[in-house]
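Have a look at the structure below before the remarks.
The values are calculated or read from the model by the stated rules, or taken from the named source; none is laboratory data. Note that the structure is predicted; figures quoted are calculated from it, not measured. Quick reminder, even Gly has a Cβ in these numbers, built from the backbone with ideal geometry, and neighbours come from all protein chains shown.
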Amino acid sequence: MPWSSDHMKWLTNIKSYKTANNNDIVLLEFNYDETDTVAMSLWAKHFRNHYCLDDEIDKIKPAHMSRSEYLISYKFPGGNAPGPSIQSGDFSEILVSDYLAFTLNYWVPRTRYGSKTIKNESTKGSDVMGFKIVSPGTVSPSDSMIIVESKAQFSGQKPLPRLQVAIDDSIKDSTRIGESLNAIKQRLFDKNLLADANNISRFQDPVGSPYKEEYGAAALFLSSVYDEDEVKKTDSSKHPKAGNLALIVIHGNDMMNLVKRLYKLASDEA
């Protein structure tokens, strides 16, 4: 399988603190090591396969193009604006997906980026969706689904209210659950991942087959613009699920350099 959790060793849980309306925020720090070539290579492969599976790329790309040329030309965001902002957004969503999958033990389908038709556009729908099924093959009210909105700030001099924006966008998620689930299920069927597609079916009837519905908002910062006092001003009281809203903040040094390095490594090693 192309997926790897080796890079998660660089993500450290620092502490928890409160928003203005007393909602818990989990603070994490991402201290990556570019000199760890094994971990970086595994991560690049993991990252690349979100956009195009290694075992499918030769069937999809034009014959005259190398794998690297194809990924850069048609799959990976980049180049002029809005390329860099799409890069940082995709990177952040994937890292949050990894946190849900490898730290919080959700099943996170990896279907969001492979169907992009325009590389420098964000994929429509909810940013990250994760699932927990208590007993595969059966339906339990203890099964759960989480939907997380993610925002990033990897440049600038002053902190922006990225967590507040993620919370505000999360309010809209309840109106697009059906569309987002349908999109995931359809992509899984297209990949012939029938068991996974059927697992999504379990979450398409919340009235007839109830489950726990959870929400989250994540903000990722360059460490130099991360400001705890500013983040503490965040107010989640208007969110309809404020009492069950997971808030995540991640910061790290030189994050945009990491983003660009990861995309380059992912294409070079394709």
Would you check if there is a residue in segment 173-188 being touching a residue at least 12 places away in the same chain (Cβ under 8 Å), surrounded by 15 or more Cβ atoms within 10 Å (Cβ to Cβ) and either over 19 Å from the mean Cα position of the chain (by Cα) or closer than 15 Å to residue 25 by Cβ (or both)? no
Would you kindly identify the helices (runs of 4 or more DSSP H) lying entirely within segment 176-270 that contain at least 2 residues that are more than 30 Å from residue 40 (Cβ to Cβ) and among the aliphatic types (A, V, I, L, M)? 177-190, 194-201
Would you point out which residue out of 141, 84 is over 21 Å from residue 8 (Cβ atoms) and under 20 Å from the mean Cα position of the chain (by Cα)? 84
Per the filter on segment 112-151, residues among the acidic types (Asp, Glu), assigned to a loop (DSSP other than H, G, I, E, B) and either in contact with a strand residue (DSSP E or B) (Cβ under 8 Å, 6 or more places away or on another chain) or closer than 15 Å to residue 91 by Cβ (or both) are 127, 143
Qualifying residues in segment 109-122 (those that are of a type outside the set (Gly, Ala, Ser) and over 19 Å from residue 46 (Cα atoms)) - the one surrounded by the fewest Cβ atoms within 10 Å (Cβ to Cβ): 117
Looking at 32, 51 in this structure, which one is over 16 Å from residue 3 (Cβ atoms) and either crowded, with 18+ Cβ neighbours inside 10 Å or not small (Gly, Ala, Ser) (or both)? 32
Taking segment 1-19 as the region of interest, how many residues are surrounded by 13 or more Cβ atoms within 10 Å (Cβ to Cβ) and in a loop (DSSP other than H, G, I, E, B)? 5
Only one of (1) touching a residue at least 40 places away in the same chain (Cβ under 8 Å); (2) in contact with a strand residue (DSSP E or B) (Cβ under 9 Å, 6 or more places away or on another chain); (3) not hydrophobic (A, V, I, L, M, F, W, C) fails for residue 244. Which number is that? (1)
Of everything in segment 152-175 that's touching a Phe, Trp or Tyr at 6+ places or on another chain (Cβ under 7 Å) and not in a helix (DSSP H, G or I), which residue is nearest to residue 56 (Cα to Cα)? 153
Contact list please: Cβ distance under 8 Å, first residue in segment 216-239 and in contact (Cβ under 8 Å) with a residue 24 or more places away in the chain and of a type in the set (Asp, Glu), second residue crowded, with 16+ Cβ neighbours inside 10 Å and assigned to a loop (DSSP other than H, G, I, E, B), pairs at least six apart or on different chains. 227/159; 230/159; 230/161; 235/19
Of (1) modelled with pLDDT under 95; (2) under 20 Å from residue 248 (Cβ atoms), residue 121 satisfies every one except (2)
